[in-house]
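Asker: I have a structure here, written as structure tokens, and I will follow up with some questions on it.
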Amino acid sequence: MQVTPLQTNRSLGRFILLSIVTLGIYGIVYFYKVGRDLNTTCSPYDGKKTMHFVLLALLIAPLTAGIGGIVWIHKMSNRVGWALAHRNIAYTFNANTYWLWGVLGSLIIVGPFIYLHRLSIAMNYICQDFNARGQ
């Protein structure tokens, strides 16, 4: 049984500020917690497990020239979209959000920030629903 409520206060501002202060380490912590919370909220229903982000960031991504990270974010974004739909939360987020804002949006500089903002909102919704209703 879940004892500690999942984090529901993710935000872009916090991500940027703490990433600057910690020289990028907070970004690793942020995505680790996203993966952990997805496993907590989704694994009983979809039978999947999101790979541990620290393992990805320190081992897989460097060995695959970053392609492992792209695949991880794509799959994670789709799983967030699945979790939103499964919990009947009216918010649009999936791998298309990553490709449009995170990748293509980088051409206008602010795209990846919009992606992170949307990811934070989506995860806050999922975790709030999980905290309120449980599994």
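Asker: I'd like the full set of residues that are of a type in the set (F, W, Y) and surrounded by 14 or more Cβ atoms within 10 Å (Cβ to Cβ), limited to region 27-48. Outline the logic, then answer.
Answerer: Of the residues in region 27-48, the ones of a type in the set (F, W, Y) are 30-32, 45.
Once the filter is applied, which keeps residues that are of a type in the set (F, W, Y) and surrounded by 14 or more Cβ atoms within 10 Å (Cβ to Cβ), region 27-48 yields Y30, F31, Y32.
Asker: Name every residue in region 56-96 that is closer than 20 Å to N39 by Cα, in a loop (DSSP other than H, G, I, E, B) and either in contact (Cβ under 8 Å) with a residue 60 or more places away in the chain or not β-branched (V, I, T) (or both), in order of residue number.
Answerer: The answer is R87, N88, Y91, F93, N94.
Asker: Would it be correct to say that K75 is under 12 Å from the mean Cα position of the chain (by Cα) and under 27 Å from Q135 (Cα atoms)?
Answerer: Yes.
Asker: Let me ask something else. Just checking, which of R118, R133 is out of contact with any Gly (no Cβ under 9 Å at 6 or more places or on another chain) and at pLDDT below 95?
Answerer: Only one candidate qualifies: R133.
Asker: Shifting gears a bit: If I filter region 1-47 down to residues being touching a helix residue (DSSP H, G or I) at 6+ places or on another chain (Cβ under 7 Å) and of a type in the set (D, E, K, R), which single residue comes out as nearest to P112 (Cα to Cα)?
Answerer: Per the stated criteria, the residue is R10.
The values are calculated or read from the model by the stated rules, or taken from the named source; none is laboratory data. Being a predicted model, the structure only gives us computed values, none of them experimental. All Cβ positions, even for glycine, are placed from backbone atoms using ideal geometry, and neighbour counts span all protein chains on display.
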